[in-house]
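In what follows, a single structure is set out as structure tokens and then discussed.
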Amino acid sequence: MTDRVRAHVFVSGTVQGVFYRATTRDAAREAGVDGWVRNLDDGRVEATFEGPEGAVRDMVEWCETGSPAAEVDAVDVEYGDPEGIDGFEIRR
């Protein structure tokens, strides 16, 4: 079995109101990664990705660009053990 990892990311920049969450969800589902994404009150986007290490790292890299209308300034990430999330959702 492939080693599963968890990445908890915070994305700064122009990342709200530019379809960042929806495109993150679509990219994660396409990559076979579980987790969630949500907007924060301070203007950042927070996301968690769980899955095979390569796919999770690809999603973290994807966050550096995000949706076509986004302007990402920074991606802060912490890796850890997966919590067993199933599926990928947008949280409110």
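For residues in segment 33-55 being outside any loop (DSSP other than H, G, I, E, B) and of a type in the set (A, V, I, L, M, F, W, C), which is farthest from G87 (Cα to Cα)?
So the first thing to find is which residues in segment 33-55 are outside any loop (DSSP other than H, G, I, E, B), and the list is 34-39, 45-55.
Now drop any that are not of a type in the set (A, V, I, L, M, F, W, C), which leaves 36-37, 45, 47, 49, 55.
Numbers: W36: 8, V37: 12, V45: 19, A47: 13, F49: 10, A55: 14 Å.
Step by step, filter segment 33-55, then rank; the result is V45.
Return yes when E71 is touching an Asp or Glu at 6+ places or on another chain (Cβ under 7 Å), of a type outside the set (A, V, I, L, M), under 18 Å from A27 (Cβ atoms) and in contact (Cβ under 8 Å) with a residue 12 or more places away in the chain and no when it is not. Spell out the reasoning first.
Details: touching an Asp or Glu at 6+ places or on another chain (Cβ under 7 Å): no; of a type outside the set (A, V, I, L, M): yes; under 18 Å from A27 (Cβ atoms): yes; in contact (Cβ under 8 Å) with a residue 12 or more places away in the chain: yes.
Taking the combined requirement at face value, the residue does not satisfy it.
So E61 fits all but one of (1) more than 20 Å from R92 (Cβ to Cβ); (2) out of contact with any strand residue (DSSP E or B) (no Cβ under 9 Å at 6 or more places or on another chain); (3) surrounded by fewer than 16 Cβ atoms within 10 Å (Cβ to Cβ); what number is the exception?
(2)
Could you tell me which residue of segment 31-58 is surrounded by the fewest Cβ atoms within 10 Å (Cβ to Cβ), considering only residues that are on the phi > 0 side of the Ramachandran plot and more than 11 Å from the chain's Cα centre (by Cα)? Walk me through it before giving the result.
The initial filter retains those residues of segment 31-58 that are on the phi > 0 side of the Ramachandran plot, namely 32, 35, 43, 51.
If we keep only those that are more than 11 Å from the chain's Cα centre (by Cα) too, we end up with 32, 43, 51.
Values: G32: 10, G43: 12, G51: 24.
Here the residue is G32.
Inside segment 1-32, can you point out the residues that are farther than 21 Å from G80 by Cα and among the aromatic types (F, W, Y)?
Of everything in segment 1-32, those that are farther than 21 Å from G80 by Cα and among the aromatic types (F, W, Y) turn out to be F19, Y20.
For residues that are surrounded by fewer than 18 Cβ atoms within 10 Å (Cβ to Cβ) and within 14 Å of P52 (Cα to Cα), scanning just segment 1-30, find the one that is modelled with the lowest pLDDT.
Selected residue: M1.
The values are calculated or read from the model by the stated rules, or taken from the named source; none is laboratory data. These figures come from a predicted structure and were not determined experimentally. We place every Cβ from the backbone using ideal geometry, glycine too, and count neighbours over all the protein chains shown.
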